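Engineer: Take this structure first; my questions come after.
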Amino acid sequence: MPFDRRTGTHMTDLQRVNRSFDWAREAARTTTYSHVVVIALSVLILGCDSDNREVKTGAAQAEATPVRGYVMARWFDEIPHDEPGECPEGLNVTEVEYFSEQWERYMVERTRVREEEGRFLEWDHALLPPDACQDPRAQPDPGYLTLNGPARVSGLDLDGVASSRSAAQAGQCGHDDFVDPDGRPGIDNQAWRLMGCVRGYRPNDLMDRLHKANTMINEGGYAILMEISGMDDPVNDDDVAVQFLSSAAPVSLNALGEPMEMVSFTAHSDTTYHNAVARGRIVDGVLTTDPVDLRLKIKQQTQDNAVYYRDARIRGTVLADGRIEGTLGAYWDNENFWSMMNDHMIGDRHQGRNAAFNRGFMCAGLYHAIPRVADGHPDPETGECTSMSMALHFEAKPAFVIRPTLASRD
Amino acid sequence: MTFLITRRRLLERTLRGSLAGAGISVGLPYLDVFLNSNGDALAAGAPLPLRFGTWFYGCGMNPDRWNPTSEGADFALPPELQPIEAVRQHISVLSGFSVILAGETNHVHRTGVFGTLTGGAPKNTTEIDGPTLDVLIADTVGQSTRFRSLEMAAHGLAKDTYSMRSERARNSAEPSPLSLYQRVFGSGFTDPNAGEFAPDPKTMLRKSVLSAVTEDRKAIEGQLGQADRERLDEYFTSLRQLERQLELQLSAPPPLEACTPASAPKGSPVSQDIEHVAENHDSMTKVLALALACDQSRVFNMVFSAGASRLHTAGSADTHHTLTHEEAKDPELGYQPEATKFVLRSMEAWARFVDVLASVREGDGTLLDHSVVLCHSETSDANSHSVTGLPLMLAGTAGGRVKNGIHIRGAGESTARVGLTLQQVMGRNVARWGYRGNETSRPISEILA
Amino acid sequence: MTELWFEISENPAYRHILLNHLPITGLAVSACVLAWAIWENRWRSLVFGLLLCLATSASGILVMQSGDAAYPFLFDQLDGAGQAWLDDHVALAERWGRALPTNALLATIALGIGARRASLRRYASAVVLCTTLGSLAAASVIATAGGQVRHSEFRFSSAPTGEAIAVSSGETSQKTHEARGPAVMRRLTEAQYRNAIEDVFGPGIELAGRFEPENRRDGLIALGSSRATITSSGFEQYERMASDVARQALAPAQRAKWIPCAPLDEASADPACAASILERVGPMLLRVPLSESNVAARVEVANQAVAELGDFYAGIASALTSLLVAPGFLFRIEATGGAWPDAALASRLSYFLWNAGPDAELLEVVGRGGLADPATYAQQVDRLLSSPRLEQGVRALFEDVFQFDDFDDLGKDPIRYPIFSAKVASHAKEQTLRTVVDHLVERESDYRTLFTTRRSFMTRALGPVYALPVRAESGWEEIDFPESSGRRGVLTHASFNMLNAHSGRSSATLRGLFLREALLCQHVPPAPADVDFGLFNADDSPEFRTARDRLEVHSSNATCRSCHLLTDPIGLGLERFDGMGRHRSTENGAPIDASGDLDGDRFEDPAGLGEAIAASDRLTACLAKQTYQYAIGRVTTLGERSWLRELEERFEDGGYKLKVLLREIVHSPGFLNAPGLARAERVTSAPSLLRRSAKEDAS
């Protein structure tokens, strides 16, 4: 049994189930498509908002003062430090394990059809339970394991208070803060609480490897530009303007396969990806910005989507060689999170179900867990939170941001 | 002072002689792919058939354990190349060559293989911009043989092969040693050593074209200085060499001594069990070697395991492919131990394949000496579906044109350079190849003998 | 021993070297003997002395004849300076060599007189003694020049500029007669082949195949092509390409573009139509009209093919193939085609200015012998010079002069220069060529300012190399290098700096070498074989942090010094650019001092070096020489060297505009009067006319 992740799952002792779901999962992977989706999750980052007034003032800013451009060379979310007891109840299971009998029958049929008729059996086949990834209410809530153990998780303190689920004030969604590996308390990162006990997110597993390989950026999934205006002194400057934009063209890689510096990028012709300008400051070489909503383009493998973050802010160190490294914290819009998770298409085939297998959770479970962890932007009527805190790490390399000549401008 | 007058004439004549361009030793090409071609062909009395093949296996390798660290000859074999130790003198390793995506999406398990074979990243999975490398080469060298090319699937799935003129014209493979044997040596097979020979009229025409040129000689020669006349002689010597080659093609080919048809192998069921596939691969390779020795085809494509390989070990539910995604990296080893076993098995099979071709005597060398085989896979690190630094190897010298036993680092350059080199080695007229950011006009000169 | 004797008897150079001591030492000895004899005044001794003078002087004749014989063997083996010294040697010999036979004659006369009149013996001998001493002086003068031909270490003064030659060959009329050389036979370059195919069969034909590699001689591929042959492997390629081209040219869509007639029946032969097709394309491909027998042979080929394949066009394809592999196509042979005496001149002209064969109009003029008339010739020259196709020719010229063919196999170490790629390299090359064409052809500016202009062109791929923003998402964008970029003039382009460097680091020596040899036409001897590069190659050695520090070793080391003083001081001026042309101000943390001087002209930085180069009169003289040799396809002859200086003056008068230079060259006696170019004595246009046209260009 090569998989350490199995130990501790509440199903290991059931041999029959075990065998069947092993075998069923194996068969489920036999299509060359089924893995496309794993990559997509490494993108679950960012967001934005299209405010053209802001864009104009941003542009004005850029012209008025010295401007420095950057391209994101790395951009990846938290990976746990694998501390004992992070997931005391174990890791989440997938549909194949949960509905093993149906899947066993489906797989027999699927294999037969493939070998005899040479075609693929769709995921939404009658033999299977309804696809909760396309319609989350099609299945009852099977339950979901979140990361509740004592974990150190990096990120930013977004709400500025040491929150705790027990002592949640009115108009606030109760949640426990984390402590950053560097010791900073009050870290808000509910997105990580949600994904921390999913197999694909554990150390050395899929997402970890994808981040290490920097696949999303290197394969042109997204090219994120950052423009800093008015930076007169990279060590101390009390007023700088920071703007995030998407580039339509992918990053260019050098002979070693790393994103190149000093490349010129034309910002996306769709100005909804020219995000609002955030005020910022540099103190002793550390750049921090005020909250601003972000929307950035993502088009990679099975995804053609935009990620949407609210009240995003960065905290980064301006390095001597001109690069900036740091953390971005924000509130991730719930709906966008769900869409990024599930809207994977190959042709007209919805691949959300695949994604769930490969990363190791059930769509129904995840869907119903989202509101339980959400901690941002409460709905005025219902008081339900509509976003969840999250954090990601970035490395920005010097580049040139070229403004597109837009017919739509006039 | 008569000698002064002669001095003037002397001076003018010598000036002329010296300046009209002496020295015929200059135009020799240094890294010319075809440098030895005449030599070989004529030395052997008649041109020996030249073969091209591909050998594919699925799910790549672990880059840091597969890529050699030292370049050039006698490089140290890294852990995952240990299986080729015994035949390393026949194999050159090409590391670091990549499919340049240039904005196209990476269609996992497909972009890698078709990137290498068609010279660019396909726009989508339903329209591959064929034809593949082997089809292009078969168009050049595969016309005169009974089969333009032979496709084989050791893993037994006829559909999981990659040779195609276009997505709609895929060459399906022989799924078992028996079916391969029946196709080649079944009805329709005539022993080439017994067969009748009919010269190709096109070859005769090419000859008459050349003879027409010799008419020009008289007209020009008279008006040239000594040195230039020597250069013109060089030209006509070259022309005559080609004429001699054509003459050889017009006369009956020599007997193929290695062509000794054997009995049919036993049939075998389709299975993804690694042991079984290895066994199938072994006997298929033997049938193939015989087919080549009998010059039934000059192009072949062997698929050991498909992309997203479904090979598994008996009793285990996990396939090579699922393991690459689901097995945890061993913290001590730093790689996925179970998945990596399949990489090693694939390398063993490749070594075996090379060994079989190298064991068939032919002319002044072996079957392998008159072939070049490209070993490739669809990913480097299968876990992240990376198409950067794909595992590529060349076996066989293609009649002395290709260097074996060396390692060349591609440093992220397009795999199209490999494809271009192979086409030129196989005598295809192509100066640049590849598309969408992979286009290149630079063959890998370091590998050319 | 026998080998040595063979060498001596077979190789005139050895004979010359062996014999040349005879007159010199001989004359010295005989002078002494004669002097002693005169003092002693005994007839016996006098006779002995005079005979000695006679013999040694006469031996000079042998020396000169062996020298003549040696000339062609030697000339090609020599470096530029060596050739100049050799010619100087020959010229001096022509001038002063007469002294020796004269002396021999006098000695004989003296003997005659002495035999008759005893009283005059002494005086006659005294006269001979004087002339002997004179001859001795002459012989030594000649010998000193000769001594420096092979021995660079004896070359204390710079190479002779040829005044001696000019003087020796007398007044101008004789000079123009001398300023000419033989015709040449050049192998078509890849670019010329491509142009030919497009000109004849129209655009859209794919050329797939490998061409014979070019070889550079005396700094130019144009000169190498005059010696290149076609190897058997190369011929295989040409044959494949030819049939491939022919097939494409006869595809219905393509043939519509050029074919003059249609057959009565596509399935059968039509000799008449076939012949008319061949008569049309023949001259365009072979640059001379096809002879009767020639056409007949090809029509025969066509008929055979039709018989075999039952397709008229397949027949024509075979005929075309045989034209495309013909020596007359693959080589540009400057020989009279009989029917058209001026064909060779026409192709010289159009290949020089367009890097392509004569077009229909030029062929038509040649066909009616028009080029014999200077006015018509001048007219055609003007037409070619004002055609847009001139750009094509100028590109070819500068690709050759700048040695850009080296880009084909340029590679860089990916660890040190990860941003290098084949694409970056090709764009860097194109960037410089675009700048050249824009500067010299579009704007008709002064050649010297090419090395100081800020204007250039840029692409996104080049952006990271120059660390400059590029607005254009695709294609080329015209830019002016900003002050901060530290770039000015083509020498600061990435192209030269990545080309003249190692794969892992910059090289002041290679860059200096390039400037000296390619741009200033100076000769730098090759490095001795037994050099220890360890010291200055290790660019991570703590004590030598910058290239300047490392290269100090050169100037401190006697062996290296002499040559590296030529290259390093100017090469270091480009050290602000790393091995792939990125700008830098420090190396290993130490600031880079990019100052230096070019033959006494101080400069502080790369831009300054550009100005120094631009100010050097060698720059323009070199372009004149290179362009002239590029045009005629051979190194200049004795007489042409003096004419070259005239060309330089006219280039100067024309404000160093390229078109002026080109026009002067195509009107030069050497360009017009090669023996192979048919016309026995072509009227060489008068200097006055040239001056005028030059002035026109200048204004």
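Engineer: At a Förster radius of 45 Å, what calculated FRET efficiency corresponds to the Cβ-Cβ distance of C:ILE415 and B:SER172, to the nearest 0.05?
Structural biologist: So, using R0 = 45 Å, E works out to roughly 0.50.
Engineer: Next question, about the same structure. Could I have the simple spin-label model distance between B:GLU230 and C:TYR123, label points 7 Å from Cα toward Cβ, reported in nm to one decimal?
Structural biologist: Going from the B:GLU230 label point to the C:TYR123 one covers 5.9 nm.
Engineer: List the relative contact order of chain B as a percent without decimals, with contacts defined as Cα pairs under 8 Å and 6+ residues apart.
Structural biologist: 32 percent
Engineer: Subtract the Cα-Cα distance of B:LYS403 and B:LEU77 from 0.36 nm times their separation in residues, and report this length gain in nm to one decimal.
Structural biologist: 115.6 nm
Engineer: A 26 angstrom limit on the alpha carbon distance is what I want to check against. Which of B:LYS329/C:LYS423; B:LYS123/C:LYS423; C:LYS423/C:LYS657; A:LYS212/B:LYS403; A:LYS299/B:LYS329; A:LYS297/B:LYS123 exceed it?
Structural biologist: B:LYS329/C:LYS423; C:LYS423/C:LYS657; A:LYS212/B:LYS403; A:LYS299/B:LYS329
Engineer: As I understand it, the value is the acute angle between the Cα axis of helix B:226-250 and the longest principal axis of the Cα atoms of chain B; what does it come to in degrees, rounded to 10?
Structural biologist: Around 40 degrees separate the two axes.
Engineer: Using Cα positions and a limit of under 20 Å, work out the aspartates and glutamates in reach of B:LYS266, with same-chain residues fewer than 8 apart set aside.
Structural biologist: Once the sequence-local aspartates and glutamates are set aside, what remains near B:LYS266 is B:GLU151, B:GLU174, B:GLU275, B:GLU279, B:ASP282.
Engineer: Let me ask something else. Nearest 10 degrees is fine. How inclined is helix B:2-19 to the longest principal axis of chain B, computing both from alpha carbons?
Structural biologist: Compared with the principal axis, the helix lies near 20 degrees.
Engineer: Something else now. With a 1.4 Å probe on protein heavy atoms only, work out how much accessible surface A and B bury together, total over both chains, in Å² to the nearest 100.
Structural biologist: The buried area between A and B, both sides summed, comes to about 2700 Å².
Engineer: Sticking with this one: Mind checking the mean number of beta-carbon atoms from other chains within 10 Å of the Cβ atoms in C:351-358?
Structural biologist: Mean shielding by partner chains, rounded to a whole number: 0.
Engineer: Classify the range A:294-371 as rounded, prolate or oblate, taking a ≥ b ≥ c as the square roots of the eigenvalues of its Cα gyration tensor: rounded when a/c is under 1.5, otherwise prolate if a/b is larger than b/c and oblate if not.
Structural biologist: prolate
Engineer: Right, something else. Which length gain, in nm to one decimal place, applies between C:TRP258 and C:ASP408 when the Cα-Cα distance is subtracted from 0.36 nm times their residue separation?
Structural biologist: Full-extension gain reported as 50.7 nm.
Engineer: Across peptide B:227-237, what mean number of C-beta atoms from other chains lies inside 10 Å of a residue's C-beta?
Structural biologist: Per residue, the number of nearby Cβ atoms from other chains is 6 on average.
Engineer: Give the average, rounded to an integer, of partner chain Cβ atoms located within 10 angstrom of each Cβ in A:244-252.
Structural biologist: 2
Engineer: If Lys and Arg each add +1 and Asp and Glu each add -1, what is the summed charge of the other residues whose beta carbon sits under 12 Å from the beta carbon of C:ALA356?
Structural biologist: Neighbourhood net charge equals +1.
Engineer: Quick check on chain B: take the gyration tensor over C-alpha atoms, sort the square-rooted eigenvalues as a ≥ b ≥ c, and tell me if it's rounded (a/c under 1.5), prolate or oblate.
Structural biologist: Since a/c reaches 1.5 and a/b is larger than b/c, the shape of chain B is classed as prolate.
Engineer: To continue, here is another question. How high is the FRET efficiency from A:ASP232 to C:GLU604, r the C-beta distance, R0 35 Å, rounded to 0.05?
Structural biologist: Efficiency computed from Cβ-Cβ geometry: 0.70.
Engineer: Report the paramagnetic label zone for C:LEU133: residues of the range C:46-65 whose backbone N is under 17 Å from a point 7 Å from Cα along the Cα-to-Cβ axis.
Structural biologist: C:50, C:53
Engineer: Additional query: Would you mind finding the longest exposed-site-free stretch of chain B, with exposed GluC sites (Glu not before Pro) meaning DSSP loop and at most 15 other Cβ atoms within 10 Å?
Structural biologist: That gives B:333-449 as the longest site-free run.
Engineer: Which FRET efficiency value, to the nearest 0.05, is calculated for C:HIS21 and C:ARG44 with the Förster distance at 30 angstrom and r the Cβ-Cβ distance?
Structural biologist: The calculated FRET efficiency here is 0.65.
Engineer: Could you work out Rg/(2.2 N^0.38 Å) for the range C:325-404, with Rg from alpha carbons only?
Structural biologist: Rounded to two decimals, the normalised Rg is 1.14.
Engineer: Just to be sure I understand the interface: list residues from the range C:275-298 that lose 40 Å² or more of accessible area between the chain on its own and the complete protein assembly, 1.4 Å probe.
Structural biologist: none
Engineer: Average the reciprocal distances over every distinct pair of alpha-carbons in the range B:307-387, invert the result, and give the Kirkwood radius in Å.
Structural biologist: That comes to 14.8 Å for the range B:307-387.
Engineer: Can you give me the distance in nm between label points at B:TYR435 and C:ARG454, each placed 7 Å from the Cα along the Cα-to-Cβ direction?
Structural biologist: Placing both labels 7 Å along Cα→Cβ, they lie 4.4 nm apart.
Engineer: So how much accessible surface do C and B hide from each other in total, probe 1.4 Å, in square angstrom to the nearest 100?
Structural biologist: Roughly 5700 Å².
Engineer: Would you mind putting C:656-669, C:202-215 in packing order, based on average other-beta-carbon counts within 10 Å, highest first?
Structural biologist: The densest-packed peptide leads the list: C:656-669, C:202-215.
Engineer: Please work out the Cα center distance from the range C:128-148 to the range C:384-427, rounded to the nearest Å.
Structural biologist: 52 Å
The values are calculated or read from the model by the stated rules, or taken from the named source; none is laboratory data. Worth saying up front: this structure is predicted, and the values here are computed from it rather than measured. All Cβ positions, glycine included, derive from the backbone under ideal geometry; neighbour counts span all protein chains shown. Side chains are part of the model used for accessible areas, which takes the heavy atoms of the whole protein and leaves out ligands, DNA and RNA. Shrake-Rupley method; radii C 1.70, N 1.55, O 1.52, S 1.80 Å.
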